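The values are calculated or read from the model by the stated rules, or taken from the named source; none is laboratory data. Everything numeric in this text was worked out from a predicted model, so none of it was measured. With ideal geometry, Cβ positions are generated from the backbone for all residues, glycine too; neighbour counts draw on all protein chains shown.
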Amino acid sequence: MPFGAQLRADGSTRFRLWAPTAQRVELWLERRGERALIETPEIGAGWREVDVTGAQVGELYRYRIDGELFVPDPASRFNPQDVGGPSMVVDPKAFEWTDDDWRGRPWHEAILYELHVGTFTPEGTYEAAQAKLDHLVELGVSAIELMPIADFPGQHNWGYDGVLPFAPEARYGTPEALKSFICAAHARNLMVLLDVVYNHFGPQGNYLHRYAGQFFTERHKTPWGAAINFDSPGSEVVREFYVHNALYWIDEYHLDGLRFDAVHAIKDDSTPHVLNVIAQAVRSRTAGSRPVHLILENDDNEARYLGVARDDLYDAQWNDDVHHCLHVLLTGERDGYYSDYAPPQADPRRLLGRALVEGYAYQGDPSAYRHGARRGERSDALPTTCFVDFLQNHDQIGNRAMGERIGKLAPAPALRAGVAMLLLSPHIPMLFMGEEWNADQPFLFFCDFDIELAALVREGRRGEFARFERFRDETARLLIPDPCAVETFERSRLDWGELTREPHASWFALYRQLLAVRHREILPRLAGTRGETYSVGNQGELCASWRMGDGSRLQLCANLQDVAIKSARRVPGRLLFTTHAEFGAVLTGSDIPAWNVTWSLEQTGD
């Protein structure tokens, strides 16, 4: 890796920093109670480098910029004293891996489980999360997706305010503890993926502006200010920084994939786009060894980045369209971006059918919420596995003022229907931690900044909701939890004791039942699946079908309303699952109960 501290074969350690706008750089070593300043000379193109004999693994170091500002290594492998403290020399080859036989799993087998390490368990550590892996195996998921763990400022954070992209968060444990977690997951046939943030740095603890001004550009603007520079002078090093970050997590931590946060905010007018460059680098590095999966979050619905036709494409994208349609249907909410999926703007059932069969609901169509701007690209030619669907995730819960999960917003029969839609669809399903037992705990927005920034975040958070009817009154807005209060973080921790209590135990049984059906009936047929047709009947019945990879036809019949309707058609084939056991197969003229979802499979010769 061209960045950071690198142990050499001769026993020395190379320290390397890109500091093109610094006049002077000194390496500051904190060894055995003493401190040593070592001049770090420029070697060209803004790079500073020095070799130090005798620098040991575990040694703390940082850089002094222009004789006045101490900064951590931006490529630090570990920062045990938070983001403003010194970095630590780490030997990436010292850990004894026990997953030599691990060959990964194909993408179509993915059933994702998103978790936040700090609130997944009472302890909030990698080690404690490792103790819950057998629960995930029992549930039936096959892949863990960790919310960002890049070192962030303060004691608690969602992870999207990280400022040291190579350093796993010290509050969760050591790098060795994280590697042990990954080894234990692989031993249980579970993949581990990581959410990475390449669109911005957090607002506290990022010092790159001071000594590497070319890391950012005023040419583009993002919600977080000046954009990271991917297409202006100096961008070559910046692009290399993120390419190596992706390779680092795959190589040094044996991760099975990465999820790239909000790539619509990655501004790059050059060719090839940095997203294609990163994908190509990862595919080249892992070709012939094991499958590594790359997933996007992209509000622009750009199908051009997805597929299997080239090595510079991504496996899948989080599909907000399916979530928004289901959320409107199950809860009746129509505020904000949900207005694009609700009457009078749209029929949510028709949009849901389109999204399930073709990928996106918006494929270049005008969005009223976006003032008529067109959103999305054609996606109907893509495999169904290019789309990750969910009823809940950290955003859709935590960006609500009170952090309510959907179980607090939708009646139980509606939620049961939504779960059946999610887990047996030929898209890739994703759960959010605790969803499998319909956890009562909210997942609130929380962070931990210094006093001045905390006040701005608190007021900004409450101001965001001033346009909502419920929070137009200032007194009501004061009830919105303070993001920087430790109580807000503590309220978001899962209560694992709920698993053995009703109604939570019954919800867990339902999730297990549906995932067992998915493993038995859907996964063996999923590779190569393509959408066929969808329709909405006169009474609102949603029907859809897919041609599975083995030639069979998967069919859906759903009444996503709180009233019974008459069926207008018969769905042929073998019944896989219905939310109403007494209902059985869908027959012409039958009464379809409220909130009924039925899946069937028609095989050749049926």
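List of remarks:
- Meets criteria (closer than 23 Å to Trp107 by Cα, more than 19 Å from the chain's Cα centre (by Cα), in the same structural domain as Ala167 (by TED's automatic domain parsing) and part of a loop (DSSP other than H, G, I, E, B)) for Ala309: yes
- Residue match in region 181-196 (condition: among the charged types (D, E, K, R), within 24 Å of the chain's Cα centre (by Cα) and more than 16 Å from Ala150 (Cβ to Cβ)): yes
- Conditions (1) in a helix (DSSP H, G or I); (2) in contact (Cβ under 8 Å) with a residue 60 or more places away in the chain; number of the one not met by Ala129: (2)
- Residue in region 418-433 that is nearest to Pro106 (Cα to Cα), counting only those that are part of a helix (DSSP H, G or I) and touching a Leu at 6+ places or on another chain (Cβ under 6 Å): Leu423
Per-residue answers, yes or no, for (1) modelled with pLDDT under 95; (2) over 30 Å from Arg285 (Cβ atoms); (3) in a strand (DSSP E or B):
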residue	(1), (2), (3)
Met1	yes, no, no
Ala5	no, no, yes
Ala9	yes, no, no
Arg16	no, no, yes
Pro20	no, no, no
Glu26	no, yes, yes
Arg35	yes, yes, yes
Ala55	yes, no, no
Phe70	no, yes, yes
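- Qualifying residue in region 553-561 (condition: over 30 Å from Gln441 (Cβ atoms), modelled with pLDDT under 95 and basic (Lys, Arg)): no
Condition check ((1) at pLDDT below 95; (2) not assigned by TED's automatic domain parsing to the domain that holds Ala143; (3) not hydrophobic (A, V, I, L, M, F, W, C)) across all residues:
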residue: Gln441; (1), (2), (3): no, no, yes
residue: Phe446; (1), (2), (3): no, no, no
residue: Leu456; (1), (2), (3): yes, no, no
residue: Arg462; (1), (2), (3): yes, no, yes
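- Of the listed requirements (1) aromatic (Phe, Trp, Tyr); (2) more than 30 Å from Ser142 (Cα to Cα); (3) assigned to a loop (DSSP other than H, G, I, E, B), Phe95 misses just one: (2).
- Enumeration of residues in region 470-490 that are out of contact with any helix residue (DSSP H, G or I) (no Cβ under 9 Å at 6 or more places or on another chain) and either of a type in the set (S, T, N, Q) or in contact (Cβ under 8 Å) with a residue 40 or more places away in the chain (or both): Thr475, Val486, Thr488
- Residue check for Glu521: free of Cβ contacts under 8 Å to residues at least 60 places away in the same chain and closer than 30 Å to Asp591 by Cβ: no
- For the residues Ala417, Ala410, the requirement of being in the same structural domain as Trp318 (by TED's automatic domain parsing), more than 20 Å from the chain's Cα centre (by Cα), surrounded by 23 or more Cβ atoms within 10 Å (Cβ to Cβ) and closer than 30 Å to Pro503 by Cα singles out Ala417.
- Residue within region 160-174 that is out of contact with any Ser or Thr (no Cβ under 7 Å at 6 or more places or on another chain), in a helix (DSSP H, G or I) and modelled with pLDDT of 95 or more present: yes
- Helices (runs of 4 or more DSSP H) enclosed by region 466-558 - at least 2 residues per element that are assigned by TED's automatic domain parsing to the domain that holds Pro122: 474-477, 486-491, 504-517
- Restricting Ala110, Ala128, Ala75 to those that are of a type in the set (A, V, I, L, M, F, W, C) and surrounded by fewer than 22 Cβ atoms within 10 Å (Cβ to Cβ) reduces the list to Ala128.
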